[in-house]
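In what follows, a single structure is set out as structure tokens and then discussed.
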Amino acid sequence: MKLALQNTTTGRLFTASLLAASLFGVLGTAQAQDTATPPTTAVSHAAPSPFGPLKHVKAGLLDVAYAETGPADGQVVILLHGWPYDIHSYDDVAPLLAAKGYRVLMPYARGYGDTHFLSDKTLRNGQPAALASDVIDFMDALKIKQALLGGYDWGARSADIVSALWPERVKALVSVSGYLIGNQAAGKNPLPPKAELQWWYQFYFATDRGRAGYEKNTHDFAKLIWQTASPKWAFDDATYDRSAKALENPDHVDITVFNYRWRLGQVAGESRYDALEQKLATAPSIGVPTITLEGDANGAPHPAPEDYAKRFTGKYEFRLINGGIGHNLPQEAPQAFAQAVIDADHL
């Protein structure tokens with residue numbers, strides 16, 4: 001295991017590396033609709049992507065909306081967003097990777113943007129195993145055998161889970177805040193007071209008042225999370241509003257509340273994910289080549305790098321990204337994130 005320290009500033013210093021490796025494991029591209037709205041809805045809940053109209057593919061339980069850039073025959077990179085953010089976190093990362101020959105896919109998670117459930121009867125389940133399974137379904141629908149995965153917040157957790165449970169599908173991993181796999185049993189353990197304070201919104205969502213409050217004030221609530229999670233990031237209203245539109249998805253509140261109530265054991269997950277949860281409860285190691293990142297000004301709850309390093313048993317590096325970088329690291333330090341993806345591909 002190799003530990004490395006990488007510095008960056010808001011000026012985003014970046015040193016280009018070699019061109020990406022040639023295509024590995026991409027079996028082909030499924031037929032995807034190049035349309036700004038899925039056929040099941042007449043209302044878009046996604047701000048325009050700089051990469052053209054969103055594409056759609058039916059994958060598992062979902063009609064997944066996603067942005068794509070880069071050569072169609074390039075090594076696939078799937079970038080996963082967090083809560084309460086969206087795929088615009090990668091607007092500056094994706095072109096850097098595309099310029100190196102990568103095919104970059106940025107899907108909206110369930111409950112965000114123009115991703116919708118195929119059936120009104122499907123439980124709006126936000127448990128981590130469900131979100132990770134969506135990634136596998138997305139890859140299967142597009143006939144992608146293997147990809148590099150990158151993510152932060154909920155997206156990092158999904159990438160971690162896929163890397164742990166389906167390592168054959170992951171060429172390499174970039175995970176902000178490292179190992180984020182948890183389980184309900186662990187969630188029962190109380191944390192020190194300062195740590196509990198950071199999770200205030202989780203306890204808020206545990207109440208009916210909290211759910212109603214988030215539904216009524218989603219825009220302002222999420223903006224507060226952005227501000228506290230990235231206290232030194234001076235994002236403007238236009239930047240925030242572009243991503244906040246994705247939170248207008250009609251399933252967003254249900255998915256969010258379910259996720260945090262599941263963590264506290266207040267709601268049960270679906271039986272279809274029981275076998276996966278049993279594996280995740282053992283805190284499985286991740287053996288795929290991995291680079292973990294942390295911002296020096298991350299105001300959101302996150303584990304210490306030394307606490308999770310042993311969970312990564314393959315080729316591994318940790319990088320601290322300096323310069324007042326907060327929780328939404330891809331958007332705040334896109335060049336450092338893109339470089340990590342390129343370097344992880346060559347570990």
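Brief remarks follow.
- DSSP-defined antiparallel bridges as percent of all bridges, the chain, nearest 5: 40 percent
- Reachable aspartates and glutamates, given that their alpha-carbon falls under 16 Å from the alpha-carbon of Lys232 and they are not under 8 places away in the same chain: Glu294, Asp296, Glu332
- The mean accessible area for residues of segment 134-223, using a 1.4 Å probe and ignoring ligands and nucleic acids, is 43 Å² per residue.
- For the residues Pro95, Pro250, Pro289, a GNM of the chain with alpha-carbon springs under 10 Å puts the largest fluctuation on Pro250.
- Pairs from the list Lys58/Lys145; Lys188/Lys223; Lys171/Lys315; Lys216/Lys245 with a Cα-Cα gap above 20 Å: Lys188/Lys223.
- Cα centroid separation, segment 299-347 to segment 125-147 (Å): 22 Å
- Rolling a 1.4 Å probe over the protein chains gives Glu294 an accessible area of about 10 Å².
- For segment 231-251 versus segment 160-182, the gap between their alpha-carbon centres in whole angstrom: 26 Å
- Segment 76-191, accessible surface, carbon-and-sulfur percent (1.4 angstrom probe): 52 percent
The values are calculated or read from the model by the stated rules, or taken from the named source; none is laboratory data. No experiment lies behind these values; they were computed from the predicted model shown. What goes into the accessible areas is simple: the full protein's heavy atoms, side chains included, and nothing from ligands, DNA or RNA. Shrake-Rupley method; radii C 1.70, N 1.55, O 1.52, S 1.80 Å.
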